[in-house]
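Structure record follows, encoded as structure tokens.
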Amino acid sequence: MAAAPRTKTTGWTLLCLLTACVTVASPGSGSAAWAATPAAPDVAPPVAADPAPPAAPPPPYGFGTVNGFGQHAEHERITRAALSCTPQRTGNDCFQPHSLDQLAGKSGTFGAVGVPDVDETFDASAHCDDADFLAVAGYPQSRTAATVTLGRCVNHLKADFSRGVTRAAEMVRAGVVAADEVGLAPDCTFALGVPGRAKCDALEGFGRALHGTQDFYSHSNWTDRADPSRRTGPHNPPGLARTVPAPFLNLAAPAALSTVPASLTTGCFSVWPGGCAGRLTHETLNKDTGLIDAATGAATAPTTSRGQVAGNFGAAVTVAIDSTRGQWKGFQDALTASYGPAEGTRLACALTHDHPVRDC
């Protein structure tokens, strides 16, 4: 989960990513229409085919999204390890194969969890970046300013989460699953600004929220440790070595920024030379890339400097998986709070099951 060095994306690459190089299979959901949808009022406040792989990937901006260019589809693998069905994890607590493909992505697609690396690549609030702080004299950003920046990330992810809950309502009409809103043939389309089937739209909200919460554990010192062989400082910040998800990133609950530890930091990221001068950087802190077993969540072969220290890559992956499961539990709770127990359970079933008209 230390990130590969980010590269500057050219205007042509961005145009390719967002327009001509993306194949639209069917109306799904995307960024423009997405952002215009109001959040569900009773969810903690803020905030149909996947695209074909672009000709060139977006710069690494968190756990990896694609296979190649130093990435190993880390977001997909974390999501699969957390939410795949197993003998121990069944019913609405897991996603059946085709539904999980839409959320996590599969070969040749980003999935809902990967879409922020397409259309929110440089939005720090989508990836929990720039909340950097180090308790040394003259550090360019104060603890208060860093927490405010972190709060923007929390609100951004809460908004995505809440919009997913809102969009889910259209999957059921008068107590019956709506076949035209839950079909997955063809696959969902994300990141094109086109609203589509309710299941796709709901998965997009949840997936975008997962992306940012997973990135937090890669981009921060929440789970990791400093290199004991080096002096602690901007190039080797202290680690918090936490083993459970951050309470302020429980997206179904009110933000609890008062629980942010004084020594918490994420990394500053800028594509401009000198944009992070004097600050603790994303390149120093991230644990973005390595190998993750999509079945067990076992993490090996980290490729970034911070990820190679003291088991840091594995620690970040483990808590990201736990967090992903917790966010899905919170999403189910939000559906119940918004629409009642019976309707909420049916909506969760429609999201997780491949044949919801029959099974829900």
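Quick notes on this structure:
- Residues in region 292-313 reached by a label modelled at GLN88 [backbone nitrogen below 14 Å; 7 Å Cα→Cβ]: 295-298
- Computed from the alpha carbon positions, the gyration tensor of region 294-360 leads to an equivalent ellipsoid with semi-axes of 36, 14, 6 Å, biggest first.
- Summary of the geometry: region 272-301 and region 318-360, compared by the centres of their Cα atoms, lie 30 Å apart.
- Coordinate range of the alpha-carbon atoms in region 271-311 per principal axis, descending: 40, 21, 11 Å.
- Using the Cβ-Cβ distance between HIS235 and ALA337 with R0 set to 41 Å, the FRET efficiency works out to roughly 0.35.
- Modelled this way, with points 7 Å down the Cα-to-C-beta line, the labels at ALA135 and ASP180 are 6.0 nm from one another.
- Most simply put, region 28-359 has about 80% antiparallel DSSP beta bridges, counting only bridges with both residues inside it.
- Each part reduced to its alpha carbon centroid, region 107-122 and region 180-242 end up 10 Å apart.
- Amide H contacts of ASP288: ALA2, ALA3, ALA4, each under 5 Å away and 5 or more positions distant or on a separate chain (H built 1.01 Å from N in the peptide plane; Pro and chain starts excluded).
- Once the Cβ-Cβ distance of ASP359 and THR300 is raised to the sixth power relative to R0 = 45 Å, the FRET efficiency obtained is 0.80.
- Peptides ranked, highest mean first, by Cβ atoms within 10 Å: ranges 84-95, 201-212, 114-125: 201-212, 114-125, 84-95
- Net length gained if the chain between ALA253 and HIS98 were fully extended (0.36 nm per residue, minus Cα distance): 52.9 nm
- The spread of Cα positions in region 28-359, taken along each principal axis and listed from longest to shortest, comes to 62, 38, 37 Å.
Values in this text are rule-based calculations from the coordinates and carry no lab data. This structure is a prediction, so every number in the text was calculated from the model and none was measured. All Cβ positions, glycine included, derive from the backbone under ideal geometry; neighbour counts span all protein chains shown.
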